[in-house]
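Asker: Quick one: this structure, given as structure tokens, is what I'll be asking you about.
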Amino acid sequence: MGKRTWHAQVYLSIALLLTSATAGGENQIDKLTCERFLDYTNSPDAIATPWYSVNDNVMGGRSLGSFRVANQSLNFFGSINTNGGGFASIRHELKSNLFNESDRIRLSIQSDGRPYSVNIRDKASSTARIAHRSSIKTAASKEFQTVEVLFSDLVPTFRGRIVKADQFNPNEALSISLMLSDVVDGPFALNIQWIDVCGVKAI
């Protein structure tokens, strides 16, 4: 992944895998390369990055979901009402080619322990109104935790139901959303410090 014009932070993690690369026995090191495309800890660019709410009121529901940037994190909060719907989400439109050559994202989150999910849409799935979904389950904690979502684990869904569809294509990624749809009434809160997009490369 090249340097982004919006000055995203790029860093290399430690080597993840050590594998045999040639018949002569030479070793190949695979490194996970990550780029921080949203950083609420110290980046004014991230604070200006638009999100918008998509709640169950689009289908007559009464859940409330909103967001704000405070205390060096993005705060997704609200209240679930299962009378007529039962979900709340916030969505962010991705810059073109942001997920090219990537295979996962990483998020630093502080959770109330409820089972949130990440939904990512690509060009084909967006046209079909399909979201590629993965759960991000963590224990309730006052500390931030790093969670990883592999694109290979994403499941195509339509209105919460698993459907048959093509595998998610990161090269055509259009949007990412955070959602809560656990069919439990009551308030919720999820805080996000940063989000990275990552890919394994051989060196």
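Where a number appears in this text, it was derived from the coordinates with a stated rule and is not lab data. Predicted model, so just to flag it, every value in this text is computed and none were measured. As a convention, Cβ positions derive from the backbone with ideal geometry for all residues, glycine included, and neighbour counts pool all protein chains shown.
Asker: Could you give the size of the charge dipole of the chain about its Cα centre, using +1 on the Cβ of each K and R and -1 on the Cβ of each D and E, expressed in debye and rounded to the nearest 20?
Answerer: Dipole size: approximately 400 debye.
Asker: Under 13 Å from the Cβ of S141, count the other residues' Cβ atoms, weight Lys and Arg +1, Asp and Glu -1, and hand me the total. Could the numbers behind the result be given before it?
Answerer: Working: positive: R114, K137, K142; negative: D112, E143.
Within the 13 Å Cβ shell, the charges total +1.
Asker: Mind checking the dipole of the stretch 65-179: about its Cα centre, +1 per Lys or Arg Cβ, -1 per Asp or Glu Cβ, Debye to the nearest 20?
Answerer: 380
Asker: With a 10 Å Cβ neighbour count serving as the proxy for reagent exposure, in which order, fewest first, do S53, S102 appear?
Answerer: Ordered by Cβ neighbours within 10 Å, fewest first: S53, S102.
Asker: Among the chymotrypsin sites (Phe, Trp or Tyr not before Pro) in the stretch 60-95, which ones are in a DSSP loop with at most 12 other Cβ atoms within 10 Å of the Cβ? Mind listing them? Before the final figure, lay out the partial values.
Answerer: Values: sites: F67, F76, F77, F87; in loops: F87.
Taking the stretch 60-95 and a limit of 12 other Cβ atoms within 10 Å, no loop chymotrypsin sites (Phe, Trp or Tyr not before Pro) are found.
Asker: Hey, what did the chain get for relative contact order, percent, Cα under 8 Å, at least 6 apart?
Answerer: It comes to 28 percent, rounded to a whole number.
Asker: Now a separate question. In whole Hz, with x marking every Gly and Pro, tabulate ³J(HN,Hα) for the stretch 128-145 from phi via Karplus 6.51 cos²θ - 1.76 cosθ + 1.60, θ = phi - 60°.
Answerer: Running phi through 6.51 cos²θ - 1.76 cosθ + 1.60 with θ = phi - 60° gives 8, 6, 10, 10, 8, 10, 8, 6, 10, 7, 9, 6, 4, 7, 8, 9, 7, 10 Hz.
Asker: A further question on this structure: Mind checking which lysines have their Cα closer than 30 Å to the Cα of K123? Skip sequence neighbours fewer than 8 apart in that chain.
Answerer: Of all the lysines, those that pass the test against K123 - Cα under 30 Å, at least 8 places apart if same chain - are K3, K31, K95, K137, K164, K201.
Asker: I'd like the trypsin sites (Lys or Arg not before Pro) in the stretch 81-136 restricted to DSSP loop residues with at most 12 other Cβ atoms within 10 Å, sorted by number.
Answerer: R129
Asker: Follow-up question, since we're still on this one. What is the distance in Å between the Cα centres of the stretch 82-113 and the stretch 51-80?
Answerer: Result: 12 Å between the Cα centres.
Asker: Ok, one more. Per the helix-only calculation at 222 nm, which mean residue ellipticity applies to the chain, given -39500 (n - 2.57) for every DSSP H run of n ≥ 4 and division by its residues, nearest 500 deg cm²/dmol?
Answerer: -1000 deg cm²/dmol
Asker: In the neighborhood of L180, defined by Cβ-to-Cβ distances under 11 Å, what is the net charge if each Lys or Arg adds +1 and each Asp or Glu adds -1?
Answerer: Net of charged neighbours comes to -2.
Asker: Right, here's the next one. Tally Lys and Arg at +1 and Asp and Glu at -1 over the other residues with C-beta under 15 Å from the C-beta of K164: what net charge comes out?
Answerer: Working: positive: R129, R133, R159, R161; negative: D166.
Residues close to K164 contribute a combined charge of +3.
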